[in-house]
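Asker: Below you will find the structure I want to go over with you.
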Amino acid sequence: MAKKKTEARKMDIGIAEHDRAEIAQGLGRLLADTFTLYLTTHNFHWNVTGPMFNNLHAMFMQQYTELWNAVDPIAERIRALGHVAPGSYGEYGRLSSMPDAEARPPKALEMVRILAEGHEAVARTARSIFPLVDQAHDLPTADLLTQRLTLHEQAAWMLRSLLED
């Protein structure tokens with residue numbers, strides 16, 4: 001008895017296919033930025049030194065943990081939109097708006113500056129997706145982006161506060 005081939009059902013979640021593709025591309029950039037910032041933050045957690053060691057070590061751990069917990073919901077939203085989530089260093093390097101961390105870790109306050117700029121970059125990436133998400137009435141993605149923006153803007157503010165005299 002031959003097996004019947006089943007046809008894949010066309011996705012119809014109320015968002016046009018071309019809009020889903022563009023939103024997924026934007027979320028892919030957000031995923032790449034988030035993962036790149038995660039790696040940089042974890043690197044700095046391991047390698048921070050100096051008089052602010054205890055405070056920065058703990059702050060960086062809190063931030064990299066939050067970033068790690070963010071990558072899965074972003075990737076899963078891409079999948080829910082019917083697209084493949086990027087997941088390799090090569091893809092992240094091409095998609096990210098942020099540079100990779102230098103091999104030799106900088107001094108503590110330079111780490112803080114780099115991470116503040118990183119959180120601001122991720123916030124810009126998240127914000128850049130909003131017009132299409134709004135136009136497509138993609139409320140789950142809008143909710144995800146709002147959550148990400150809140151966390152990145154707060155982290156950037158806290159980090160920038162450490163740089164003030």
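Throughout, read-outs are computed from the coordinates displayed, never taken from laboratory work. What you see is a predicted model, and the numbers here were worked out from it, not measured in a lab. Here the Cβ positions follow ideal geometry from the backbone for every residue, glycine too, while neighbour counts run over all protein chains shown.
Asker: Using the number of other C-beta atoms within 10 angstrom as an exposure proxy, rank M98, M111 with the fewest first.
Answerer: Details: M98 22, M111 25.
Ranked by crowding around the Cβ, least crowded first: M98, M111.
Asker: Okay, next question. Just want the ordering: K10, K107, from fewest to most Cβ atoms lying within 10 Å of their own Cβ.
Answerer: Numbers: K10 7, K107 11.
The order, fewest Cβ neighbours first, is K10, K107.
Asker: Next question. Based only on Cα atoms, what mean projected area does the convex hull of segment 30-121 have, in nm²?
Answerer: Details: hull surface 23.1 nm².
For segment 30-121, the mean projected area of the Cα convex hull comes to 5.8 nm².
Asker: Then there's this: Given an 8 Å cut-off on Cα distances and at least 6 residues of separation, report the relative contact order of the chain as a percent. Please list the in-between numbers first.
Answerer: Numbers: 174 pairs, mean separation 50.2, N = 165.
Normalised by residue count, the contact order of the chain is 30 percent.
Asker: Still on this model: Take the eigenvalues of the Cα gyration tensor for the chain, scale each by 5, and report the square roots as semi-axes in whole Å, largest first. Mind dumping the intermediate values first?
Answerer: Values: eigenvalues 254, 61, 29 Å².
Ellipsoid half-lengths, sorted descending, are 36, 17, 12 Å.
Asker: If r is the Cβ-Cβ distance from S161 to V84 and R0 is 45 Å, what FRET efficiency results, to the nearest 0.05? Write out the running numbers ahead of the final one.
Answerer: Details: r = 39 Å, r/R0 = 0.87.
The formula returns an efficiency of 0.70 here.
Asker: Answer rounded, prolate or oblate for segment 67-165, using the Cα gyration tensor with square roots of eigenvalues a ≥ b ≥ c: rounded when a/c is under 1.5, else prolate when a/b is larger than b/c, else oblate. Don't skip to the end; give the middle numbers.
Answerer: Values: a/c = 2.65, a/b = 1.54, b/c = 1.72.
It is oblate, given that a/c is not under 1.5 and a/b is not larger than b/c.
Asker: In deg cm²/dmol, rounded to 500, what helix-only [θ] at 222 nm does the chain give when every DSSP H run of at least 4 residues adds -39500 (n - 2.57) and the total is split over its residues? All intermediate terms of the calculation are to be shown ahead of the outcome.
Answerer: Values: 5 runs with 119 residues, N = 165.
Only helices count here, giving -25500 deg cm²/dmol.
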